1. Just checking, which of 104, 81 is open to solvent by less than 10 Å² (accessible area, probe 1.4 Å) and in contact (Cβ under 8 Å) with a residue 12 or more places away in the chain?
2. Of all residues in the range 59-75, which are under 27 Å from residue 119 (Cβ atoms) and surrounded by fewer than 16 Cβ atoms within 10 Å (Cβ to Cβ)?
Amino acid sequence: QVQLVESGGGLVQAGGSLRLSCAASGGTFSTYIMAWFRQAPGKEREFVAIIKWSAGSTYYPDSVKGRFTISRDNAENTVYLQMNSLKPEDTAVYYCAAARNWALRASDYDYWGQGTQVTVSS
């Protein structure tokens, strides 16, 4: 029903920056809550950022607050994650996800992208 495709991952040195993109199709993009999660090998999916239909409604966990910024372009059906001051512990597969309502739990999201690898070296 809703298809999400991430891009922009790669290898970056600690302290560097990376910008992830997520292109959406198959739904009314502007009505969905969009979020980013990440998952390292052997670990649970971790909430990273969320944005409502209003670009001003965002929330971040303490682990990334002040370093990551989520944004969306409803006209282009795309959500972004700008990551600055990257740390080795940010290394993970990053996924974008869509939900009908505000949620911070991965289990509450019905639509997921395929993921894009982010590796931060020290």
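1. 81
2. Once the filter is applied, which keeps residues that are under 27 Å from residue 119 (Cβ atoms) and surrounded by fewer than 16 Cβ atoms within 10 Å (Cβ to Cβ), the range 59-75 yields 59, 61, 62, 63, 65, 66, 67, 71, 73.
The rows are residues; the columns are (1) in a strand (DSSP E or B); (2) of a type in the set (Lys, Arg); (3) open to solvent by less than 30 Å² (accessible area, probe 1.4 Å); (4) touching a residue at least 24 places away in the same chain (Cβ under 8 Å).
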{"site": "1", "(1), (2), (3), (4)": "no, no, no, yes"}
{"site": "6", "(1), (2), (3), (4)": "yes, no, yes, yes"}
{"site": "23", "(1), (2), (3), (4)": "yes, no, no, yes"}
{"site": "30", "(1), (2), (3), (4)": "no, no, no, yes"}
{"site": "37", "(1), (2), (3), (4)": "yes, no, yes, yes"}
{"site": "41", "(1), (2), (3), (4)": "no, no, no, no"}
{"site": "44", "(1), (2), (3), (4)": "no, no, no, yes"}
{"site": "48", "(1), (2), (3), (4)": "yes, no, yes, yes"}
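The values are calculated or read from the model by the stated rules, or taken from the named source; none is laboratory data. Every value quoted in this text rests on a predicted model; they were computed, and no experiment measured them. In this analysis, Cβ positions are derived from the backbone assuming ideal geometry, glycine residues included, and neighbour counts consider all displayed protein chains. Please note that ligands, DNA and RNA were not included when accessible areas were found on the heavy atoms of the full protein model with its side chains. Shrake-Rupley method; radii C 1.70, N 1.55, O 1.52, S 1.80 Å.
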